[in-house]
1. Name every residue in segment 276-308 that is closer than 23 Å to residue 218 by Cα, surrounded by 15 or more Cβ atoms within 10 Å (Cβ to Cβ) and out of contact with any helix residue (DSSP H, G or I) (no Cβ under 9 Å at 6 or more places or on another chain), in order of residue number.
2. For segment 256-271, enumerate the residues that are more than 16 Å from residue 78 (Cα to Cα) and either assigned to a strand (DSSP E or B) or in contact (Cβ under 8 Å) with a residue 12 or more places away in the chain (or both).
3. Restricting to segment 221-240, name every residue that is free of Cβ contacts under 8 Å to residues at least 60 places away in the same chain and in a strand (DSSP E or B).
4. Does segment 93-121 hold any residues that are in a strand (DSSP E or B) and over 18 Å from residue 52 (Cα atoms), and which are they?
């Protein structure tokens, strides 16, 4: 896993290098860890707000179907983004929240989650150069409801819950923002807490039995990018990397999201979400279910996409 973050980083920035045209440079990033300001926007408002709402639905029904399959299946996925940013003089304060939730229901397996995440960011900065801010960053990631692993159709294993785990990050650093569609935050001194509010889950998230939190100190980088890939297809992605100085710093934790949207009409679109997570402290995977591993998620759907 030591080489995987470097590979993901190369792939991420390869896309960046090949998409720098005038259309891309004026694209407004509406979600993610940096909220882009349109350079053509001459509004004098100190506070600006907005967001995105996405709702995707897929359903299937079978009756006397020779090829086989579940009699009924239903998939629902939602995404909500809300942001507010402040700008006055050299001071800026960006606030952003992303909420994901999804369910799948089939006749044979019942109802199961296929997505459950929230990501809250607050970032305050003072301009020190044309493209550089001296910045303080706060980030909180967790989920809302209980999560289970399903080794087979008849077994489910409880492995997560609200604030079990949660990742709280405080980071002073430098924010490089050369264009409206790209930003890079760098910090060599970042404090991170892993919180596990349910002590029955402590050991699988790198804590000692019975403990509810662990403190980590390390280096942190966060890159955010958006692009117009064609007249109807857009892309937004982010990559977070964290190296824990206190334990195996060479095993870099990774959190990467990629979202593609293809417009069908004014409010209808096809969306594809691809996410990767690697956390060296999460002991849920491997042959014996007690080692870290690369987490992968892919969701494809058709539905509403509304800008607020």
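Just so you know, all these numbers are worked out from the coordinates, no wet-lab data involved. Note that the coordinates shown come from a computational prediction; the quantities given were computed from them, not determined experimentally. For neighbour counting, all protein chains shown are included, and Cβ atoms are generated from backbone atoms with ideal geometry for every residue, glycine included.
1. Selection gives 277, 280, 292, 293, 295.
2. As a first pass, look at segment 256-271 and keep what is more than 16 Å from residue 78 (Cα to Cα): 256, 262-266.
If the condition is that a residue be more than 16 Å from residue 78 (Cα to Cα) and either assigned to a strand (DSSP E or B) or in contact (Cβ under 8 Å) with a residue 12 or more places away in the chain (or both), then 256, 262, 263, 264 are the ones that fit.
3. Restricting attention to segment 221-240, the residues satisfying the condition of being free of Cβ contacts under 8 Å to residues at least 60 places away in the same chain are 221, 230-233.
Listed by number, the residues that qualify are 221, 233.
4. Residues of segment 93-121 in a strand (DSSP E or B): 93-106, 110-121.
Within segment 93-121, 93, 103, 104, 105, 106, 110, 111, 112, 113, 114 qualify.
Conditions (1) under 24 Å from residue 117 (Cα atoms); (2) crowded, with 18+ Cβ neighbours inside 10 Å, marked per residue:
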| site | (1), (2) |
| --- | --- |
| 155 | yes, no |
| 178 | no, no |
| 185 | yes, yes |
| 214 | yes, yes |
| 232 | no, no |
